[in-house]
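Peer 1: My questions all concern the structure below.
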Amino acid sequence: MTRFLQGTKQALSQAYHLALLDLDGVVYLGKNPIDHAADSIRAAEHAGMTVEYTTNNSSRFQRVVAEQLRGFGLDVEPWQIITSAVVAARMVARHVDAGSSVLVLGAEHLREEVSGQGLRVVEGAQDNPQAVIQGWYPDLAWHELAEASFAVERGAAYFVTNRDLTIPRELGIAPGCGSLIQAVITATGVEPVASAGKPESAMYDEARLLAARDGEEPVAKQACLAIGDRLDTDIEAGNRGGYDSLAVLTGVTNPHELMTAPAHLRPTYIVPDLRGLNETQPAPVRDESGAWCCGTAQGAADGAETAAKAWIEDGELHISDGNGDDATSSVNALRAACCLAWEYADNGDDIAAIALPDFDL
């Protein structure tokens, strides 16, 4: 059964207790804040929402990221930053005995997190580590990959912080943690026991535990909302873990990718930017003609005749916004178009053969 976009009667910041918020592409782009993000986060927190920030980056200290966010006017404590280093260290600590030796390939943040879990960081395979954790950092050397391979060959449990094949850098796209992990896999024939980063859901699971303060129970999954700009990490992690998710259009993902997304990459909600976190979400509905409708025109009374609409005719997906304006700038038209395209594809039809609208959101 197709999983369509959902709606809410409350603003998302009131409908959910915990926001699992991606950083790059959602809150900032590099060093620059994204428009409306900080104001929207503050408004969500004022409405009672707890916010945690989730990132596959294992090289930056939580306190450093928190300081950057405070520079945007956000009130952030280091514990709210959930990095893949934090998650990886906790995963390994559950897998081995207290005080076990662990070979760490990664930045100082990863080494510090491993030590903080009561484990002993060692430098090579000759120290007989019970586990290996591999993260990404720019100074990773061949001899470190070799030591990790030797340790894994001897039976050390192999963990990784994330499997991102690439990482954007100032001069272009460079090999990411996943590419370097492949060197160890190729040498040993051993796949990692687990990955801490998205699209695995472990990061969201750990965030629920870390948000439980002073002995409280972990936040229930149904009270959590995964928020991100990448379908293949943020949204997929939500779907794998059973979390509702919110896709924002301020980073990587674009409307065309949303309309053509396979089932495992489809979000629960779509918004142009984080202002949508403090808004109710209209539920797209299918009418008797087979068209999909969503919301109402601004200032109009409720009614299907004023809703944004999407339908397929003569090999083309058509859209209207319900009030005669350009529908390509309507997020409700995009929501309707996504549900229509998903239904079409899941019925066994070729969505790639349909001309899709070019949205400008």
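Peer 1: When segment 201-227 is examined, which residues are found to be assigned to a loop (DSSP other than H, G, I, E, B), open to solvent by 70 Å² or more (accessible area, probe 1.4 Å) and at negative phi? Spell out the reasoning first.
Peer 2: Our first condition is that a residue be assigned to a loop (DSSP other than H, G, I, E, B); within segment 201-227, this holds for 201, 211-220.
Now drop any that are not open to solvent by 70 Å² or more (accessible area, probe 1.4 Å), which leaves 213-217.
Correct list: 213, 216, 217.
So that you can scan it fast, the table gives a plain yes or no per residue for (1) at pLDDT 95 or above; (2) assigned to a loop (DSSP other than H, G, I, E, B); (3) open to solvent by 60 Å² or more (accessible area, probe 1.4 Å):
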{"position": "102", "(1), (2), (3)": "yes, no, no"}
{"position": "129", "(1), (2), (3)": "yes, yes, no"}
{"position": "140", "(1), (2), (3)": "no, yes, no"}
{"position": "144", "(1), (2), (3)": "yes, no, no"}
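Peer 1: Since residue 115 meets every condition but one in (1) of a type in the set (Gly, Ala, Ser); (2) surrounded by 13 or more Cβ atoms within 10 Å (Cβ to Cβ); (3) at pLDDT below 95, which condition does it not meet?
Peer 2: Failed condition: (3).
Peer 1: Give the residues of segment 272-286 that are more than 18 Å from residue 311 (Cβ to Cβ) and buried (at least 23 other Cβ atoms within 10 Å of the Cβ), sorted by residue number.
Peer 2: 274, 276, 277, 281
Peer 1: Restricting the search to segment 154-195, which residues are β-branched (Val, Ile, Thr), crowded, with 23+ Cβ neighbours inside 10 Å and part of a loop (DSSP other than H, G, I, E, B)? Full working, then the answer.
Peer 2: Taking segment 154-195 and keeping what is β-branched (Val, Ile, Thr), we get 160-161, 166-167, 173, 181, 184-186, 188, 190, 193.
Among the residues that remain, those that are also crowded, with 23+ Cβ neighbours inside 10 Å are: 160-161, 181, 184.
If the condition is that a residue be β-branched (Val, Ile, Thr), crowded, with 23+ Cβ neighbours inside 10 Å and part of a loop (DSSP other than H, G, I, E, B), then 161 is the only one that fits.
Peer 1: Return yes or no: is residue 146 touching a helix residue (DSSP H, G or I) at 6+ places or on another chain (Cβ under 6 Å) and hydrophobic (A, V, I, L, M, F, W, C)?
Peer 2: On the way: touching a helix residue (DSSP H, G or I) at 6+ places or on another chain (Cβ under 6 Å): no; hydrophobic (A, V, I, L, M, F, W, C): yes.
For residue 146, the condition - touching a helix residue (DSSP H, G or I) at 6+ places or on another chain (Cβ under 6 Å) and hydrophobic (A, V, I, L, M, F, W, C) - is not met.
Peer 1: Name the residue that is surrounded by the fewest Cβ atoms within 10 Å (Cβ to Cβ), counting only residues in segment 28-39 that are of a type in the set (A, V, I, L, M, F, W, C) and touching a residue at least 60 places away in the same chain (Cβ under 8 Å).
Peer 2: Step by step, filter segment 28-39, then rank; the result is 29.
Peer 1: Turning to a different aspect of this structure: Please return the ranges of strands (runs of 3 or more DSSP E) entirely within segment 1-90 where 2 or more residues are under 19 Å from residue 228 (Cβ atoms) and among the polar types (S, T, N, Q).
Peer 2: Hits in segment 1-90: 50-55.
Peer 1: Just to be sure I understand, how many residues within segment 50-92 are among the hydrophobic types (A, V, I, L, M, F, W, C) and free of Cβ contacts under 8 Å to residues at least 60 places away in the same chain?
Peer 2: Initially, segment 50-92 is screened for residues among the hydrophobic types (A, V, I, L, M, F, W, C), giving 51, 61, 64-66, 69, 72, 74, 76, 79, 81-82, 85-89, 91-92.
Still in the running and free of Cβ contacts under 8 Å to residues at least 60 places away in the same chain: 51, 61, 64-66, 69, 72, 74, 76, 81, 89.
The total comes to 11.
The values are calculated or read from the model by the stated rules, or taken from the named source; none is laboratory data. Just so it is clear, the structure is predicted and the values come from calculations on it, not from any experiment. Backbone-built Cβ (ideal geometry, glycine too); neighbour counts: all protein chains shown. Side chains included, ligands, DNA and RNA excluded: accessible areas come from the protein's heavy atoms. Shrake-Rupley method; radii C 1.70, N 1.55, O 1.52, S 1.80 Å.
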